[in-house]
Amino acid sequence: MKKLTILVLLAVVVLAVVPLVVAQGAEFGGADGEAESAITAIDTGYQPWFSSIWEPPSAEIESLLFALQAAVGAGIVFYVLGYYVGRAKGRAAGAPDAAGSDSAETMATRGSS
Amino acid sequence: MHIMEGYLPAAFVVVWFLVSMPFWVKGVVEIKRLVQEKRSTLLLLGAAGGFCFVLSALKLPSVTGSCSHPTGVALGAIMFGPWVGAVIGTIVLMFQAMLLAHGGLTTLGANAFSMAIVGSFVAWGTFKGLRRVGAPLWLAVFVGAALSDLATYVTTAMQLAWAFPDPVTGFAGSSVKFMGIFAITQIPLALSEGLLTALIMMYLVKYSRTELDEIGLLRRGQVA
């Protein structure tokens, strides 16, 4: 499992790095923005009729919020994974696991009360 | 795949909201039932949501010299079904529309349709189909997630081509243009998304088998 994990993660890194080498000198702007210019190229008179209710005041703030989004997501994913790994280790070690498979349930209930 | 705020004519805004609405309603009902009847699987639901948050925040470079991002909806759709996946994806899109000025509230219906709804149904349908013909779990998850990612971007391209047909070449001309921007860029990203989704799924199978059995992803004792 460990070897497989490293291989898969390496493959993902390669998939991200290869474009940087292949398309050297490209701008690497967002595809969403390109679609925006394609729209105005097709329909030259098109004016967006609504604008975002709030926009991050700078690129720095925007990247802060994106980092936050990723951090919150990763936090949750690895909290859950860590919880299950710990539970499996506890069971393997023969620790008393009073609620059995319901341990997650008691936790969820506690969290909501 | 985000259609930017204000970049869909009002009639299309209405159409896509009407199309997406029933999926949201059924999704919310299913999540409510999950919360009441299968509380032990809520941590997995959280993990599916978290996974979607991470993946859709990652803007990755692609061979076309532009950047795009995976969607992360496949994990939730495969585990909890496409309706629940649709709600998870829509929540992420709302977060991005309101706090990041990515996508928009007027285009939420259309964006939710491509990412949360088409993405979820393709992931879930592909996964189920491949499992039925005996594919191993990792392969079914990998292909399901990769196709879900691609299908999302193809849908966005079609939605834009429908709203903005080329004055000379019409819908066909526009769809080639938008497919060039979205679909080709997305190929390496779809592979990454498939790999990451399959990886996290293998960890969940290893460590939270009890819960996966409970939501019916695997039958008791079945080999992954």
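Return the only residue of B:L130, B:L217, B:L160 being in a loop (DSSP other than H, G, I, E, B) and either farther than 30 Å from A:E34 by Cα or out of contact with any Cys (no Cβ under 9 Å at 6 or more places or on another chain) (or both).
It is B:L217.
Please verify whether A:G73 is under 26 Å from the mean Cα position of the chain (by Cα), buried (at least 16 other Cβ atoms within 10 Å of the Cβ) and modelled with pLDDT of 95 or more, treating the condition exactly as stated.
It is true that A:G73 is under 26 Å from the mean Cα position of the chain (by Cα), buried (at least 16 other Cβ atoms within 10 Å of the Cβ) and modelled with pLDDT of 95 or more.
From (1) at the interface with another protein chain (Cβ under 7 Å from one of its Cβ atoms); (2) surrounded by 24 or more Cβ atoms within 10 Å (Cβ to Cβ), pick out the condition that doesn't hold for B:M79.
(1)
Being within 7 Å of another protein chain (Cβ to nearest Cβ), in a loop (DSSP other than H, G, I, E, B) and without any contact (Cβ under 8 Å) to a residue 24 or more places away in the chain is the requirement here; does A:A26 meet it?
yes
Does any residue of the stretch B:89-103 turn out to be surrounded by 24 or more Cβ atoms within 10 Å (Cβ to Cβ) and in a loop (DSSP other than H, G, I, E, B)?
Taking every residue of the stretch B:89-103 in turn, at least one turns out to be surrounded by 24 or more Cβ atoms within 10 Å (Cβ to Cβ) and in a loop (DSSP other than H, G, I, E, B).
Going through the stretch B:36-60 one residue at a time, which ones are without any contact (Cβ under 8 Å) to a residue 40 or more places away in the chain, facing chain A (nearest Cβ under 9 Å) and over 17 Å from B:G89 (Cα atoms)?
The one that is without any contact (Cβ under 8 Å) to a residue 40 or more places away in the chain, facing chain A (nearest Cβ under 9 Å) and over 17 Å from B:G89 (Cα atoms): B:R39.
Considering (1) farther than 30 Å from B:W16 by Cα; (2) touching a Pro at 6+ places or on another chain (Cβ under 9 Å), say which one B:G134 fails and leave the rest.
(2)
Starting from residues that are β-branched (V, I, T) and under 18 Å from A:V85 (Cβ atoms), keep the ones in the stretch B:191-211 and report whichever is farthest from the other protein chains (Cβ to nearest Cβ).
Checked the stretch B:191-211; the qualifying residue farthest from the other protein chains (Cβ to nearest Cβ) is B:V205.
Determine which member of the set B:S208, B:S148 is farther than 26 Å from B:K59 by Cβ and surrounded by 24 or more Cβ atoms within 10 Å (Cβ to Cβ).
B:S208
Quick check on the stretch B:166-179. Is at least one of its residues crowded, with 21+ Cβ neighbours inside 10 Å, in contact (Cβ under 8 Å) with a residue 40 or more places away in the chain and not acidic (D, E)?
no
The values are calculated or read from the model by the stated rules, or taken from the named source; none is laboratory data. This structure is a prediction, so every number in the text was calculated from the model and none was measured. Here the Cβ is made from the backbone with ideal geometry for all residues, glycine too, and neighbour counts use every protein chain on show.
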